[in-house]
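The values are calculated or read from the model by the stated rules, or taken from the named source; none is laboratory data. The shown structure was predicted, so the numbers you read here are calculated from the model rather than taken from an experiment. Cβ placement follows ideal geometry from the backbone for every residue including glycine, while neighbour counts extend to all protein chains displayed. Just so you know, the surface numbers come from the protein's heavy atoms only, side chains and all, with ligands and any DNA or RNA stripped out. Shrake-Rupley method; radii C 1.70, N 1.55, O 1.52, S 1.80 Å.
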Amino acid sequence: MIAPSILSADFARLGEEAAAVGGDGTGNGADWLHVDVMDAHFVPNLTLGLPVVQSLRAATDIPLDCHLMIEDPDRWAPGYAEAGARNVTVHAEAAHDPVMLAKNLRAAGSLAGLSIKPGTPLDPWVEVLRHYDTLLVMSVEPGFGGQSFIPEVLDKVRTVRNLVDTGHLTVLVEIDGGINADTIDAAAEAGVDCFVAGSAVYGAEDPGRAVAALRDSVRRANPHRWAG
């Protein structure tokens, strides 16, 4: 799965930017559209919030993957599920009651995602992940686009991939940060399911073709997993 991040898109043309990665109806387009919500508290940057997500939901059929880099997600996250987001991801470092929050997100209509920063260990969250649908492994520090990929986080990917493959977890494994033509192969080989890419898609002359090229790279890097 490829999830272009609109953090790197033109905010004045979000409807058009979503359409640019929608594909041609043959499965070549984006699987999810990744929406980075930042509150200038949990992270230093400020991006967009619920009203923009609601407008974007009305403007595109691509499922929205909302990544909330905010304080008090227990209070605010369910609203994004109610707005129609397919997946709503909260940070383990910010959630007060992550198990209850996962239940509330699902009850509001979305998948429940948990994200961990590069420096956050995986082990303390394995039991909590039994209540979640997705794990978003950050491969840069959250808060800004265009950062360099941190390869050390792939150890966490390999660990959770093994837990999924052996039946101990059922999460989809997502990665976000510095994903491009030079780094996506290593992430694919480690066992990532969903690849968030910002600059690599919206910095390209043709964002739609960039999505297709990234998907082709994944299939070449891990042909047994992604055959066909």
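I want to check the label-to-label distance for residue 205 and residue 28. Put each point 7 Å from Cα in the C-beta direction and report it in nm to one decimal.
In this crude label model, residue 205 to residue 28 measures out at 1.6 nm.
When you count, for each residue, the other Cβ atoms within 10 Å and take the mean per peptide, how do 189-195, 55-61 rank with the highest first?
The peptides rank, most packed first, as 189-195, 55-61.
Highest GNM mean-square fluctuation, the chain, Cα pairs closer than 10 Å: which of 23, 178, 167?
167
List the extent of the Cα atoms of the chain along each of their three principal axes, largest first, rounded to whole Å.
42, 39, 30
Ignoring everything except DSSP H segments at least 4 long, calculate the 222 nm mean residue ellipticity for the chain; use -39,500 (n - 2.57) per segment, divide by total residues, nearest 500.
Mean residue ellipticity at 222 nm (helix-derived): -9500 deg cm²/dmol.
I'd like the FRET efficiency for residue 54 and residue 130, computed as 1/(1 + (r/R0)^6) with the beta carbon distance as r and R0 of 25 Å, rounded to 0.05.
FRET efficiency, residue 54 to residue 130: 0.20.
How much accessible surface area, in Å² rounded to 10, belongs to the heavy atoms of residue 13 with a 1.4 Å probe?
The accessible area of residue 13 comes to roughly 90 Å².
For the stretch 101-195, take the alpha-carbon Rg, divide it by the Kirkwood Rh, and send me Rg/Rh.
My calculation puts Rg/Rh at 0.96.
Suppose R0 equals 41 Å; then what is the FRET efficiency for residue 162 and residue 103 from their Cβ-Cβ distance, rounded to the nearest 0.05?
For residue 162 and residue 103, the calculated efficiency is 0.95.
Once the piece of chain linking residue 71 and residue 11 is laid out straight, how much longer is it, given 0.36 nm per residue of separation minus the C-alpha distance between them?
Gain in length upon complete extension: 19.3 nm.
In the stretch 162-228, what is the volume of the convex hull around the alpha carbon atoms, normalised per residue and reported in Å³?
87 Å³
Got a sec? Charge dipole of the stretch 163-228, +1 on Cβ for Lys and Arg, -1 for Asp and Glu; which of 164, 183, 196 is way out at the positive end?
Going by the Cα projections, it comes out as 164.
State the Cα centre-to-centre distance between the stretch 81-104 and the stretch 51-69 in whole Å.
Spelled out, the Cα-based centre of one part sits 15 Å from the other.
Using a simple charge model, +1 on the beta-carbon of Lys and Arg, -1 on the beta-carbon of Asp and Glu, nothing else, what dipole does the stretch 121-168 show about its Cα centre, in debye to the nearest 20?
Here the size comes out at about 100 debye.
Computed over the Cα atoms of the stretch 24-131, what is the ratio Rg over Rh, Rh following Kirkwood?
0.98
Carbon and sulfur: what percent of the stretch 160-228's accessible surface (1.4 Å probe)?
46 percent
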